[in-house]
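Since the structure comes first, as C-alpha cells, the remarks are kept for the end.
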Amino acid sequence: VGVDPPSHEQMLPSKLAPFVTPETKLVVITHLFGTVHNANALIREAKELGLVVFEDCAQAFVGTAGSSLAATWPRGFRGHEGSDACFVSFGNIKTLTALGGAVGHVRKKSIRDCMRRLENKYPVRSQMQRLSNVLIAFIFKIFCRPCLYGLAEAMISAAGFSFDDLVIESFRGFKSVSEIRQKPTLATLETLLERLKTQSEATFDDPKLRSSVACRRRIAEIVIERITQGGIHVPTKGDGVNGWWLLPVLAENPRRLVAELIQRGFDATCTSTQLKSVSTMAKGGKPSALRPSEGKDFMDRVVYLPLTPEMSPSDAEALAAAILDIQRNQVSKAGKRGRQGTGVAIVALFLGLVLMLRPMWITSWLLSAGLTLRLLILGSILLVLLVLFARWLAADKDLKMDPQLLKCMSARPRPEGVAFCKQVGLQGLGRIDGAVLLTGATGFVGGGILFSMLARANELGVTRIVLLIRKRSGKTVEDRMEELRNSHHLAEVREAFDELVVGLEGDVAERDFGWKETNRGWPYQEPLKAVLHCAGDVRFQQPVQKAALSLVSATLQMQQLASQWDASRFLFVSTAFVHGVPSTSCLEEKLVELRDFDPMELYRDAVSHGSWAARAMRELGFPNTYTFTKAVAEHLVVRACDSESMDVRIVRPGIVGPAWAFPWIGWAGDKPSTIIGGGTLLARRGLRFFRDGTDHACPVVPVDFVADVCIGALAGARSSSQGRILHATLDRSEACNMPSFNKTITHLIQGLALTGQLPLPELGLMMKLMKLSDNETIFWLLNPLVNVLPIRILHFMSQAATTSLGLLGMQLPKGTVDGTRALVSCCTLAEQYHPFTS
C-alpha cells in the first residue's frame, strides 16, 4: 500500500497501524534519495503487529571508514538492528557501483535459509548479459563528458526520441521477473568483492574529499542552504544524516523548472526515475486509511537536480542561483554550465561531416592502409603473446597455497592484551619502586615497552613514567602526548597512562637535548630509578657521521643524563646484528670484538670526517652504518657506566615483527616497519622482489617479546659483568619452527593470490623474480632495473610536475609528494634487507 509522507522532512509515517490490514505480511522501509531514516519506532510497532520488516538501503549506502556515523553505525549504515533483513544493490548508477549485484544482510535464520534454498534453484546469469551491462556502462562513461553528453542529448532529441526514457531503459537492471530470478555471474561477484574492499571511497565524512559521498554532501549543503532561504522545499532533508544519492526539490511547475535549467546548461530531470506513486487500494479493511495515495501529488512535483562528485562549489552556487532566478521568473542570460560544451559538440559534428564528405582532407594525415594493416596484425600477435605469457605467469606452481599456511590462518583463541600480561608473569622480576625515563615511546618497540610497563605498573612498583619526546612536524609535545594517549594500542591501559605518564620535551639527537639550561635537575618528586633508551634512527644507509650522531652520541648523552639524575640502572636497546661477520655457532651475549680498533677513536673519527671509521667498518665486515655504530655504542656505553658504577643492561632484539599477544595479536604499530614494511611495499607495488638465497630461519621476534625482555632487564636483579647483555631473539629450539625470509615472502605472495589483492600474472612474475634473484649476479642486474629505476623515474616526474605547477602557482597534492619521497627512501630496501635475513 502507499504510505504518504507526513512532511517534506520526514518520509516515514508516525504510525503503521492505520495502514495494516489482515493481508499485510511485510513492511518494506526504503531509505530514499540517500536519507537514513530514523525507523526504530516503526520497526518496533511492526514487530508488535507480527510483521516482517525489510529495509532497502541501496540509495543510503555509505562505506565503513571512520565517520560521524561511527557512534551509531560503527561499520557504516547497514540497516537498523531491529529489522529482519536489509538489502543494498550495486547497479550502474549506485554508490560504489559494481556494475550489478547486491548484498543482503538477513538477520533471521529462517528467512535466510529459505532465501538460500530458493536461490539454489535459479540459473546463473549469462555472460552475455554481464558483457552487455559492462558495455552500456562503458558507453555512458564516455558520454558523461559534458560536450559529448550535450551532443548525444541534442541528437537524440532532434530525432524525436526522449533522452530521459532512453536513460531509464538503458539502466533498468532487469527487463522481466525471470531476469531477477537468476544467480550473479562469478565476474559480478569478484567485482562486487573488490568494491566492498574499497568502501573508504564511499565514506560519509572525508575531509580530503576522496569519497564520492563526502563530495556529494559538500555540494548538496551549498545548494540546500541557498534554495531553502528562497522558500524551496527539499524532501528528506531530515536531520542531516543524508548521503544525497539524489538531490530532489519540489516545484509547482517541475517541467518548466527542468526546461529552464537545461536552457542554462544544468542537467535536471523530473522523469528519469522508476519511482512511482501507488494509487490502488488493498483488498479489505480500513478503506478510509487506504485511500488513493496523495503521494502522487508529491511525486508529480519532484525535480532531481544534477549532483555529482565532480561538481565544484562554484557550480553548486550557480545551480542554486539559477533555481532561485527561475522561481522568481527572472530568466538569466548567464552562460551555460552543466550540459556545457555545445560549441565543442558542434565542432565535433562538423569534423565528422568533413570526414564523411571530404575524407582525404583528414586521411592524408593518416598512415597508409597497408602499413595500418601490418601494424594491426603485429599488434594482434603481440597481444596474443602477452596473454599467453600472462597465463604462464599465473600458472606458477609456487602460487598454490601452502597447506601449513592455511592451517595457521585458522584462528585459535588465546589471551591477549592486559589479560596476557596478567596470566604470563616474568620470571625473576623485581620491583623498580620509583620513576622510569623512557625514550622512543612513540615508535614501534617503544610503544610495546610502554604498554608492558603500564600493564605491569603495580607489579613493578612504577610510580611515574616520563617520556622524553621532541617536537615534530609542527606539533608540540602536548599534541604528541595527546595523540599517544588516544592511540588504539594503549586503549586498554589508558587509565594507567593518565595516572602515571607525563611528557618531557627533549631531543636526544640535539646537544643537551635542546634545553637552554645545561645542568637541569630531575623535575619530578618521585626518585628516578632507571632510564630506558629505545629511541634511534633505524635507517641502514645513513652516512657514517649522521649514524654516529643519532645512534652513538644520543646514547652517550642519555647515559650522562641518567648519571646526572642519579638513576641506578641504564638500559640501552641495541640490535642482534652488531656482529660484523656472524659465526655459524650461536651468537654470544657479550660485546663484539673490534680487533685492534679502539671504539672511542672510531667514534671520534666518525663524528668528524668518518673516512677512517668507514674503512674500519668495511674491514670488520659490517654491512651498513646502522649495525656498525650500534656495536661502537655498546662498547662506549658499557665503558661509561662502568666508570660511574652504574648498572647497565643492553638488549639486542632481532628483526622486530608483529605482536604475539599485546597490545593485541598481530599489532604492527601505526605505520609499516621492519619486515611488515617489506611486505607492504610488495603488496602496494613499491618493490617487486627481495633476495634471500638461504634457507636460514628468518630472525623475526614479536615486539611484545622484545618489550618483556626489556622490562625483565629493567627490573631484574643487579647483573654481573657476564649477564649485562640479553638477546631478544630466536634460540636453537625455536629456529627450526621459523620459516626463512624467502619462505615468508612466498607465503605473503600466496596470501595476496588467495585474497585477490593483486592479479595472478603479476604475482607469478614476482615469484619468478624471487627465484632468479637467488643468483647474486642476476640479483645485482635485476634490482636496479626492476626495483630502483621505476621509483627513480616516478620521483623525477614528481619533481618535474612540482616545478612546472609551481610556475603556475599550483602544487601537487601533499600525499603524492610524501608518497613519492617515501618510495625513494625505500627503493634500495631489497639490497639492505639481505644482511639481516641471511
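The values are calculated or read from the model by the stated rules, or taken from the named source; none is laboratory data. Everything numeric here is computed off the predicted structure, so don't read it as measured data. Heads up, the Cβs are rebuilt from the backbone with ideal geometry, glycines too, and the neighbour counts pull from every protein chain shown. Just so you know, the surface numbers come from the protein's heavy atoms only, side chains and all, with ligands and any DNA or RNA stripped out. Shrake-Rupley method; radii C 1.70, N 1.55, O 1.52, S 1.80 Å.
Which residue, of ALA411, ALA491, is among the small types (Gly, Ala, Ser), within 17 Å of TRP660 (Cβ to Cβ) and at pLDDT below 95? The conditions single out ALA411. Apart from one condition, LEU429 fits all of (1) hydrophobic (A, V, I, L, M, F, W, C); (2) outside any helix (DSSP H, G or I); (3) crowded, with 18+ Cβ neighbours inside 10 Å; the exception is (3). In this structure, does ARG652 turn out to be surrounded by fewer than 21 Cβ atoms within 10 Å (Cβ to Cβ) and not in a loop (DSSP other than H, G, I, E, B)? Against the criterion (surrounded by fewer than 21 Cβ atoms within 10 Å (Cβ to Cβ) and not in a loop (DSSP other than H, G, I, E, B)), ARG652 does not qualify. Quick one: GLY764 ticks every box in (1) touching a Ser or Thr at 6+ places or on another chain (Cβ under 7 Å); (2) assigned to a helix (DSSP H, G or I) except a single one, so which number is it? Result: GLY764 fails condition (1) only.
Would you point out which residue out of GLY440, GLY474, GLY434 is within 26 Å of the chain's Cα centre (by Cα), of a type in the set (Gly, Ala, Ser) and crowded, with 16+ Cβ neighbours inside 10 Å?
Working: GLY474 fails: crowded, with 16+ Cβ neighbours inside 10 Å; GLY434 fails: within 26 Å of the chain's Cα centre (by Cα).
Result: GLY440 is the single residue among GLY440, GLY474, GLY434 that is within 26 Å of the chain's Cα centre (by Cα), of a type in the set (Gly, Ala, Ser) and crowded, with 16+ Cβ neighbours inside 10 Å.
Of all the numbered requirements in (1) over 20 Å from ARG78 (Cβ atoms); (2) in a helix (DSSP H, G or I); (3) modelled with pLDDT under 80, SER200 misses one, and that requirement is (1). For the structure I just gave you, tell me whether GLY448 is open to solvent by less than 10 Å² (accessible area, probe 1.4 Å) and out of contact with any strand residue (DSSP E or B) (no Cβ under 6 Å at 6 or more places or on another chain). Criteria met by GLY448. For region 390-409, the candidate set comprises residues that are of a type in the set (A, V, I, L, M, F, W, C) and open to solvent by less than 100 Å² (accessible area, probe 1.4 Å); within that set, the residue that is nearest to PRO739 (Cα to Cα) is LEU405. Hey, among the residues in region 298-354 that are within 23 Å of GLY231 (Cα to Cα) and among the acidic types (Asp, Glu), which one's modelled with the lowest pLDDT? Within region 298-354, the match that is modelled with the lowest pLDDT is ASP300.
The number of residues in region 671-690 being open to solvent by 20 Å² or more (accessible area, probe 1.4 Å), more than 18 Å from the chain's Cα centre (by Cα) and under 16 Å from GLY764 (Cα atoms) comes to 1. Residues in region 36-64 that are assigned to a strand (DSSP E or B) and open to solvent by 10 Å² or more (accessible area, probe 1.4 Å): VAL52, PHE54, ASP56. When ASP507 is tested against (1) touching a Lys or Arg at 6+ places or on another chain (Cβ under 6 Å); (2) in a helix (DSSP H, G or I), only condition (2) is not met.
For region 772-818, a residue qualifies if it is open to solvent by less than 70 Å² (accessible area, probe 1.4 Å), free of Cβ contacts under 8 Å to residues at least 60 places away in the same chain and within 26 Å of THR746 (Cα to Cα), and the qualifying residues are ILE778, PRO784, VAL788, PRO790.
Residue by residue, here is whether (1) open to solvent by 10 Å² or more (accessible area, probe 1.4 Å); (2) touching a strand residue (DSSP E or B) at 6+ places or on another chain (Cβ under 9 Å) holds:
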{"residue": "ASP566", "(1), (2)": "yes, yes"}
{"residue": "TYR626", "(1), (2)": "yes, no"}
{"residue": "THR629", "(1), (2)": "no, no"}
{"residue": "ASP642", "(1), (2)": "yes, yes"}
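A count restricted to region 469-483 and to residues that are assigned to a strand (DSSP E or B) and in contact with an Asp or Glu (Cβ under 8 Å, 6 or more places away or on another chain) stands at 2.
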